[in-house]
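Down below is the structure, laid out as C-alpha cells.
Throughout, read-outs are computed from the coordinates displayed, never taken from laboratory work. This is a predicted model, so every value here is computed, not measured. Every residue, glycine among them, receives a Cβ derived from its backbone with ideal geometry; neighbour counts consider all protein chains shown.
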Amino acid sequence: MKVILDGRAAHYRTVWFEAAANQVRMIDQRLLPHEFAVLSTRTFHETAAAIRDMAVRGAGAIGAAAAYGLAQGACAFRGRDLGRFSGHVEKVIQTLKAARPTAVDPVNAMRRVRAAMETGETVEEQQRLALAAAEDFANEDVRHCEAIGRQGARLIRAGMNVLTHCNAGWLAFVDVGSATAPLYAAHAAGKRFHVYCDETRPRCQGATLTAWELAQQGISHEVIADNAAGHLMQRGRIDLVIVGSDRTLGRTGEVANKIGTYTKAVLARRHRIPFYVAIPLSTLDWNLTSGSEIPIEERDPAEVLGAWGVPAAWAGATRGKSPQRGRAGLKTGRAVYVRVANPGSPAYNPGFDVTPPDLITGLITPAGIFKPHELWKHRRRLGFEG
Ligand code: MRU
C-alpha cells in the first residue's frame, strides 16, 4: 500500500522477509500514526514477541509474520539430523502459536509451511521449502484481499456512510486489507462515500490505524467513540457496516472479531442495517463446531486502565484544526502511556467477541459473498481440505 513519507509516496507491505539476513521486517504498528518505523526481528523468539506485543497485528499480518517466523526459526537450525530438526521446528511452531491465541491465520499459515517442508528430504531442502511457502502465504494473502475488494466493491454506493470497527485494513494484512478492501476498490473506481471509524478501545486501532490508512488514501472519514454508533444508526447516518474477522467458523458461520463487534452487529440488526464481514480464506476455521470453543485472548488490564497518545500540541489536531503534515501524515513523536482509570482499580480486558451467524448479512470472501450458513456447503471452493 502506498504510504506518504516526507511528502513522497512509497510502497510498503506490512510485513516481509529479508532472507539474506534471516530477519522478519515489519512496520511497527505500536508507533503509528505518530511515527513510522520498521522493526527487524533476528530470531523466531523476537518474532513471537513482536506478535505478542502487537508490533505486528491483525489476522493476516500475524499469519504472515508467523509463517516467516517459522521459516526464520527453521533456517537458523544448524545440522543435518532430520529428527532433531523436526523437534526444533515443533518448538518454533508452538512458540509462535502461543503469541496470540484467537486469530486462526497463524495456525493455518504454519500448517501450510510445515506441510510444504515435509516434502523435502534433507534439512537444507526443508529450510528452502519453508521460505518459499512463507512467501507464498504472504502473496496469497495479498491476492485474497484484492479479490475481497473486487467482490465487495459492489456493496458500496456513492454517498453512503459506512461504519467499520478496529483495523481490518492493509496494516492488518500483508497489503490491501479485508474490511477496507471494498472501500479502496470502490474509491479507486471513483465512488465517493464516508467512513465512520469506531475508535475501538482499548487499543484504539480504529482511531489510530484505520483513520491513518484512510487519510493516506484520501478517503473521507471521521473517528467516533465506540458508544456513538447506536446513536448514528438511530438517526439514519449509517448505511452499511463492514468489519474483519480473526476467526470465522466454517461449520457454523460464527465470527470472532475485535471486542465490540458483537455489540455493533446487534445494533445493526435492530436498525436493519446490512452487516458484512470480510475474510480471506486463511481466516476460516473448519475444525471448531461452536463459537464458545474459540480461545478469547485476555490482554493486559493496563490497556483498559489507560491510553497511549502524544501531546495535542505535537499533533495539532484538536478542535477541528488540520493536523500538521509530515512524515507519514502526522509529524509528532513517540506516544506515551497515561493512566486514566481510578488508581488501584483493576480491569478485565477480553480482546475479542463472537458474533452469531443470524446477525451477519454476508461474508465477503475472495470466492464470493456468502451467507454464514452457506460456508459449509461451499467448503471446497473456500479451501477446505479435510
Ligand atoms: O488485536 P488486533 O488488533 O490484532 O485485532 C485484530 C483486528 O484488528 C480485528 O479484530 C480485525 O477486525 C480483524 S483482523 C483482520
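Here are the numbers for this structure:
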| read-out | value |
| --- | --- |
| Rounded FRET efficiency, nearest 0.05, which uses the C-beta distance separating residue 146 from residue 228 and R0 of 25 Å | 0.20 |
| Rounded to the nearest 20 debye, dipole of the chain from Cβ charges on Lys, Arg, Asp, Glu | 1060 debye |
| Loop trypsin sites (Lys or Arg not before Pro), region 181-215, which have at most 14 other Cβ atoms in a 10 Å radius of their Cβ (DSSP) | 192 |
| Expected 222 nm ellipticity per residue - DSSP helices of 4 or more, -39500 (n - 2.57), all of the chain, to 500 | -10000 deg cm²/dmol |
| Pairs beyond 28 Å (Cα-Cα), from 258/371; 91/377; 191/264 | 91/377 |
| Trypsin sites (Lys or Arg not before Pro) restricted to DSSP loop in region 121-180 with at most 16 other C-beta within 10 Å | 157 |
| Between helix 82-99 and the chain: long-axis angle, C-alpha atoms, 0 to 90°, nearest 10 | 10 degrees |
| Value of relative contact order over the chain, rounded to a whole percent, pairs C-alpha under 8 Å and six or more apart | 18 percent |
| Net length gained if the chain between residue 371 and residue 337 were fully extended (0.36 nm per residue, minus Cα distance) | 8.1 nm |
| Cβ-based exposure ranking for 204, 145, in which fewest neighbours within 10 Å come first | 204, 145 |
| Ascending count of other beta-carbon atoms within 10 Å, so fewest first, for 231, 34 | 231, 34 |
| Residues residue 381 and residue 287, FRET efficiency given R0 of 22 Å [Cβ-Cβ distance, rounded to 0.05] | 0.75 |
| Residues residue 80 and residue 220, FRET efficiency given R0 of 51 Å [Cβ-Cβ distance, rounded to 0.05] | 0.30 |
| Normalised per residue, the volume of the convex hull around the Cα set of the chain (Å³) | 142 Å³ |
| Ranked 221, 45, 11, criterion: other C-beta atoms within 10 Å, fewest first | 11, 45, 221 |
| Using alpha-carbon coordinates, inclination of helix 123-152 to the longest axis of the chain, degrees | 20 degrees |
| Cα-projected label distance for residue 18 with residue 43, points at 7 Å along beta-carbon direction, nm | 1.9 nm |
